[in-house]
Structure formats: C-alpha cells, structure tokens
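Heads up, the thing below is written out as structure tokens.
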Amino acid sequence: MNNRRTFIKKSGLLLTALSLPIPNLLFAGGKKKLGVALVGLGGYSSNQLAPALQLTEYCELRGIVTGSPEKIPQWQEKYGIPDANVYNYDNMHEIANNDDIEVIYIVLPNSMHAKYSIIAANAGKHVWCEKPMAMNAEECREMIAACEKNKVRLAIGYRLQHEKNNRIMMKWAETHPYGPIQELTAEAGFFSQNPGWRAVEEMGGGAMYDMGVYPLNTSRYTTGMEPIAVSAKSSTSRPELFKEVDETMDFTLEFPDGITAHCRTSFGEGMNILDVTCRNGSYYLQPFQTYSGVKGRTSDGKFLEPMRKNQQAVQMDDDALAIMQHEPFIAPGEDGLKDIIVLEKIYESAAQGGKKLKIEYS
Ligand code: NAD
C-alpha cells in the first residue's frame with residue numbers, strides 16, 4: 001500500500017510538474033505495469049517484442065505460450081519467467097486463472113491470429129494481435145465480437161502508428177500544411193530468400209498479407225480517408241518459390257476527392273518509401289516502415305528526424321496506458337478490420353486481372 005501511495009504521489013508530482021494529465025493508474029488496480037504474455041516465440045517475439053518489453057514503463061513480459069518446449073528454459077532464464085506463467089497452445093485458456101497476466105499478445109503465423117485471439121479474449125485478457133489482423137473480414141469481426149463479449153480490449157500491432165514521423169503524416173492529413181493531398185506512393189518490400197510459412201497459402205502467406213498491409217494502412221492514415229475503390233495485379237519472378245501466394249502485389253487505391261495511392265509490396269525486392277504530393281508542395285518518408293531510422297523531408301527543406309525511442313516499446317506502452325486509462329487504442333481491431341476488407345478486394349481484383357472494384361465497409 002505504501003509503495004502504491006508513494007508511486008501515485010511521485011507520478012502525480014512529476015506529471016503535475018510537466019503539466020500533463022495525470023494517468024488514472026487506479027483503474028489498473030493501482031499496478032504500474034500490466035503483465036504481458038507472448039504467444040508464439042518466433043523471430044518477431046524473440047528479436048523485437050521481448051527486448052522491447054525490457055524497455056517499457058507500463059507493461060512487462062510475464063508469460064509465454066509456446067509449442068516448442070526446447071525454447072522454455074532459455075526464455076525463463078533470460079526473462080525470469082516463473083513455471084506458473086509458461087503455457088502451450090492446448091492449455092493457454094488456463095491463463096484465465098493467472099492474475100499476473102493482463103494482456104495476451106498473439107505473434108503467430110497469420111492464419112492463427114483469429115483462433116488464438118479468441119482464446120485469449122475468452123480467458124478474460126486484453127488482446128494485442130500482430131498484423132495482419134486475420135485472414136478475412138469474417139474472422140476479424142469474430143475477434144471483435146469475442147473481445148466485446150468478454151469486456152476486454154483489442155489492439156493491432158501496427159507499430160508505425162506509434163512512430164513519430166508516421167504520426168506527423170497522420171497530423172498532416174488533418175492540417176494540410178502543403179495544401180490538399182493529390183496523390184501518394186507507398187511501397188514496402190524486402191528480398192526473402194527463404195519465406196517459409198509466408199509462402200504457404202493456408203498459413204496466411206503472401207506479400208500482401210505480410211508487408212502489403214503497411215502501404216495499405218499507411219495510405220489510409222496519410223490521407224485520413226478510407227479507399228472507395230481498388231485495382232490490383234499480382235506477379236512473381238520466382239514461381240518455384242511462390243507457387244501458392246503472391247510474391248509481389250501492385251495495387252492502386254482510390255480515395256474520395258480524386259486522391260490516388262499507388263502501392264507496391266514484394267518478397268522479391270527491397271523498397272521502403274512513402275511519397276506524398278500535395279497541391280502546394282510534397283513530403284516523403286524514406287524509409288517509412290523500418291524498426292528504427294524512419295526519416296523524411298519536405299519540399300521546403302524540413303528534415304523529419306528519426307525517433308530515438310524503441311518503436312515497439314512505445315507501441316506497447318501506448319496500448320498499456322490506453323487500457324489503464326480507459327482511453328481508445330491508436331490502432332484498435334476496427335482499424336485492422338478495415339485493412340482486411342480492402343485486402344480481400346485487392347486479392348479479388350488481382351484474381352480478375354486488375355479489374356477496378358468498389359469497396360464497401362458494412
Ligand atoms: P516466425 O515464423 O519467426 O515465428 C512464428 C512462430 O509461430 C514460431 O515460434 C513458430 O514456432 C510458431 N508456430 C506455431 N504454430 C506454427 C505453425 N503451424 N507453423 C509455423 N509456425 C508456427 O514469424 P514472425 O516473423 O515472428 O511473425 C509472427 C507474426 O508477427 C506474423 O503475424 C507477422 O506478420 C508478425 N510480424 C510483425 C512484425 C511487425 O513489424 N509488426 C514483424 C514481424 C512479424
């Protein structure tokens with residue numbers, strides 16, 4: 001109790017001194033940090049999320065869910081995770097009885113996002129789910145409904161929406177410092193030598209599901225609008241590797257006011273740019289979607305310097321604070337759903353040889 005009082009007093013003084021609103025930490029039961037369990041201990045959990053959770057102020061790594069028993073001792077030793085907080089995919093629902101864990105973060109292959117997000121929600125825990133939210137809009141809606149039913153929150157791991165320069169893009173979508181946006185280019189890709197499950201259709205493979213959601217999501221927040229029509233073409237230069245899914249997808253999004261977004265994503269070539277043309281000037285971010293070093297320039301010579309903080313730590317702290325303070329998430333499930341509605345149309349258009357299709361959101 002003393003610690004809690006001292007903490008609230010200290011944080012109150014500090015925040016008052018900074019003239020910021022005081023976070024209502026009492027909503028989190030007086031706890032400063034929310035306990036997070038990572039589900040799936042692959043590349044992103046191991047190399048980005050777990051290290052970032054060592055830097056967060058409002059959440060910490062307290063549990064793991066894995067189907068690979070050989071990973072358990074390393075993770076327990078490295079991150080001090082007790083036996084009671086280690087689960088596998090079959091007993092993960094028992095986290096319902098674990099008060100150490102408030103948030104379950106799904107970091108599995110894309111086709112597994114919906115199933116394990118719903119298990120997490122049914123365990124009464126808040127859900128953070130990696131992008132792309134799910135395989136189709138129906139799955140996304142089931143995830144949203146499961147979270148609503150269990151009165152838990154759902155955020156999508158769109159780290160870029162927490163990154164300083166991408167947030168400037170969102171602000172400029174409202175303030176139009178260079179006049180109304182006319183068109184933009186958004187491209188994200190890398191050369192994948194060994195795509196693994198990312199080349200398997202039933203696992204949710206394909207460049208569009210993987211990197212393609214970046215140009216899509218970014219086009220939406222850079223314009224501050226929802227696309228009304230799309231046309232798309234998929235291609236591959238390595239048919240022996242990409243037998244089932246797209247290696248490359250080119251897609252054009254039409255927004256209201258005649259704004260067009262020219263987008264491209266690929267597992268076959270490196271690209272990383274957001275370039276925005278407005279009536280009275282232009283600006284770009286290059287790279288726009290790396291883990292660090294996102295930077296850019298404006299047509300009148302302003303330099304958008306990279307953010308110094310760890311992107312994933314900022315993302316998870318923003319989302320933890322949103323839970324504690326009962327504030328909206330920056331990227332809630334509804335945002336992930338909108339991308340998947342458009343993504344489904346992109347695949348539909350590609351299957352019809354690039355036919356322009358209208359997008360309906362209801
Ligand atoms: P990965 O292949 O490195 O790890 C996947 C994990 O899932 C592994 O631990 C694997 O053992 C486990 N798994 C369980 N069942 C599996 C099955 N049937 N087949 C294959 N693996 C299985 O993948 P990753 O790069 O960590 O990606 C995981 C998720 O995180 C994906 O949804 C991806 O889109 C997302 N991701 C997001 C970012 C980002 O910047 N936000 C970056 C990388 C990955």
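The values are calculated or read from the model by the stated rules, or taken from the named source; none is laboratory data. If you're wondering where the values come from, they're calculated on a predicted model, not measured in any experiment. So basically every Cβ, Gly included, is an ideal-geometry build from the backbone, and we count neighbours across all protein chains shown. These accessible areas exclude ligands, DNA and RNA; they are computed on the full protein's heavy atoms, side chains included. Shrake-Rupley method; radii C 1.70, N 1.55, O 1.52, S 1.80 Å.
Okay, residues lined up against (1) under 21 Å from residue 36 (Cα atoms); (2) in the same structural domain as residue 153 (by TED's automatic domain parsing); (3) touching an Asp or Glu at 6+ places or on another chain (Cβ under 7 Å); (4) not small (Gly, Ala, Ser):
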{"position": "243", "(1), (2), (3), (4)": "no, no, no, yes"}
{"position": "252", "(1), (2), (3), (4)": "no, no, no, yes"}
{"position": "259", "(1), (2), (3), (4)": "no, no, yes, yes"}
{"position": "269", "(1), (2), (3), (4)": "no, no, no, yes"}
{"position": "276", "(1), (2), (3), (4)": "no, no, no, yes"}
{"position": "287", "(1), (2), (3), (4)": "no, no, no, yes"}
{"position": "290", "(1), (2), (3), (4)": "no, no, no, yes"}
{"position": "317", "(1), (2), (3), (4)": "yes, yes, yes, yes"}
{"position": "324", "(1), (2), (3), (4)": "yes, yes, no, yes"}
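A quick yes/no check of all residues on (1) among the hydroxyl-bearing types (Ser, Thr, Tyr); (2) touching a residue at least 40 places away in the same chain (Cβ under 8 Å):
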| position | (1), (2) |
| --- | --- |
| 236 | yes, no |
| 239 | no, no |
| 244 | no, yes |
| 257 | no, yes |
| 262 | no, yes |
| 279 | no, yes |
| 289 | no, yes |
| 299 | yes, yes |
Just to be sure before I move on: is residue 191 more than 16 Å from the ligand (Cβ to nearest atom), among the aromatic types (Phe, Trp, Tyr) and either under 24 Å from the mean Cα position of the chain (by Cα) or under 23 Å from residue 42 (Cβ atoms) (or both) in the structure I sent? no
Quick check, is residue 89 open to solvent by 40 Å² or more (accessible area, probe 1.4 Å), among the aromatic types (Phe, Trp, Tyr) and farther than 22 Å from residue 291 by Cβ? yes
Out of 174, 163, sole residue that is of a type in the set (Asp, Glu) and crowded, with 16+ Cβ neighbours inside 10 Å: 163
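Could you list, in sequence order, the residues of the stretch 153-211 that are charged (D, E, K, R) and either closer than 27 Å to residue 307 by Cβ or free of Cβ contacts under 8 Å to residues at least 60 places away in the same chain (or both)?
Selection gives 153, 159, 163, 164, 167, 171, 174, 183, 187, 201, 210.
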Which count do you get for residues in the stretch 46-80 that are farther than 18 Å from residue 106 by Cα and charged (D, E, K, R)? 4
Restricting to the stretch 97-123, name every residue that is open to solvent by 10 Å² or more (accessible area, probe 1.4 Å) and within 13 Å of the ligand (Cβ to nearest atom). 107, 108, 109, 111, 112, 115, 116
Among the residues of the stretch 283-300, write down those that are within 18 Å of the chain's Cα centre (by Cα) and within 15 Å of residue 170 (Cβ to Cβ). 288, 289, 294
For the stretch 267-285, which positions are farther than 21 Å from residue 163 by Cα and acidic (Asp, Glu)? 269
When restricted to 319, 275, 335, 339, the only residue in contact (Cβ under 8 Å) with a residue 40 or more places away in the chain, of a type outside the set (A, V, I, L, M) and over 27 Å from residue 230 (Cα atoms) is 319
Assess whether residue 73 counts as being assigned by TED's automatic domain parsing to the domain that holds residue 134, farther than 30 Å from residue 138 by Cα and surrounded by fewer than 21 Cβ atoms within 10 Å (Cβ to Cβ). yes
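Within the stretch 55-96, take every residue that is assigned to a loop (DSSP other than H, G, I, E, B) and among the charged types (D, E, K, R) and give me the one that is farthest from the ligand (Cβ to nearest atom).
Going through the qualifying residues, I end up with 57.
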Criterion violated by residue 223 - all others in (1) touching a residue at least 12 places away in the same chain (Cβ under 8 Å); (2) open to solvent by 40 Å² or more (accessible area, probe 1.4 Å) satisfied: (2)
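Only one residue in 134, 146, 84 is over 17 Å from the mean Cα position of the chain (by Cα), surrounded by 19 or more Cβ atoms within 10 Å (Cβ to Cβ) and of a type in the set (Gly, Ala, Ser). Which one?
Working: 134 fails: over 17 Å from the mean Cα position of the chain (by Cα); 84 fails: surrounded by 19 or more Cβ atoms within 10 Å (Cβ to Cβ).
Exactly one residue qualifies, and that residue is 146.
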Return the residues of the stretch 177-220 that are surrounded by 18 or more Cβ atoms within 10 Å (Cβ to Cβ), hydrophobic (A, V, I, L, M, F, W, C) and touching an Asp or Glu at 6+ places or on another chain (Cβ under 7 Å); say none if nothing qualifies. 184, 199, 207, 208, 213, 216
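Conditions tested, residue by residue: (1) within 19 Å of residue 166 (Cα to Cα); (2) open to solvent by 60 Å² or more (accessible area, probe 1.4 Å).
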residue	(1), (2)
304	yes, no
307	yes, no
313	yes, no
320	no, no
340	no, no
344	no, yes
349	no, no
353	no, no
360	no, yes
If you check residue 107 against the conditions, is it in contact (Cβ under 8 Å) with a residue 24 or more places away in the chain and within 12 Å of the chain's Cα centre (by Cα)? yes
